[in-house]
Amino acid sequence: MDGLACSPSTILSISLVESEEMVRLNREFRQKEGATNVLSFPQNEAGESGLQTDLLGDVVICTQVAEQDALDMGYSNDEMILYLLIHGILHLAGHTHAGRLDAENMDLKTREIFGRFVSE
């Protein structure tokens, strides 16, 4: 994963789910109500040893929320899924958007990578 300090053998799990499942995941893991567009679950978050070191983590994308995001942002559904996948992978690689500056940097990085695949 070029530019993310990941080895070429890095493994990533990607799941596309419907709103009901995303609501459950968002409540269970973030204690937030409602469906969100993407969730990331890093494999190495707990820092446990013995885990497969090339496994980066899981990205879960809600297709129904992604469809609405695509309409709002002027992307096709496929482009929106790609955009959210990039955003999720950046979270797994350690990027956050907790503060304004972090959010701006993450948005720039997401758009930069997205632009390699899709001309905006």
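What to note about this one:
- Failed item, numbered, when Ser40 is tested on (1) assigned to a helix (DSSP H, G or I); (2) at pLDDT 95 or above: (1)
Here is a yes/no grid of residues against (1) without any contact (Cβ under 8 Å) to a residue 24 or more places away in the chain; (2) under 24 Å from Cys6 (Cα atoms):
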site: Ser76; (1), (2): yes, no
site: Leu82; (1), (2): no, yes
site: Arg100; (1), (2): yes, no
site: Leu108; (1), (2): yes, yes
site: Phe117; (1), (2): no, yes
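- In region 51-85, the residues that are under 24 Å from Thr10 (Cβ atoms), among the small types (Gly, Ala, Ser) and at pLDDT 95 or above: Ala66
- Matching option when the condition is acidic (Asp, Glu) and either closer than 20 Å to Phe117 by Cα or at pLDDT 95 or above (or both), among Glu48, Glu18: Glu18
- Filter result (free of Cβ contacts under 8 Å to residues at least 40 places away in the same chain and either touching a helix residue (DSSP H, G or I) at 6+ places or on another chain (Cβ under 7 Å) or crowded, with 18+ Cβ neighbours inside 10 Å (or both)) within region 84-98: Ile86, His95, Thr96, His97
The values are calculated or read from the model by the stated rules, or taken from the named source; none is laboratory data. Model, not experiment: these values are computed from the prediction. Every residue, glycine among them, receives a Cβ derived from its backbone with ideal geometry; neighbour counts consider all protein chains shown.
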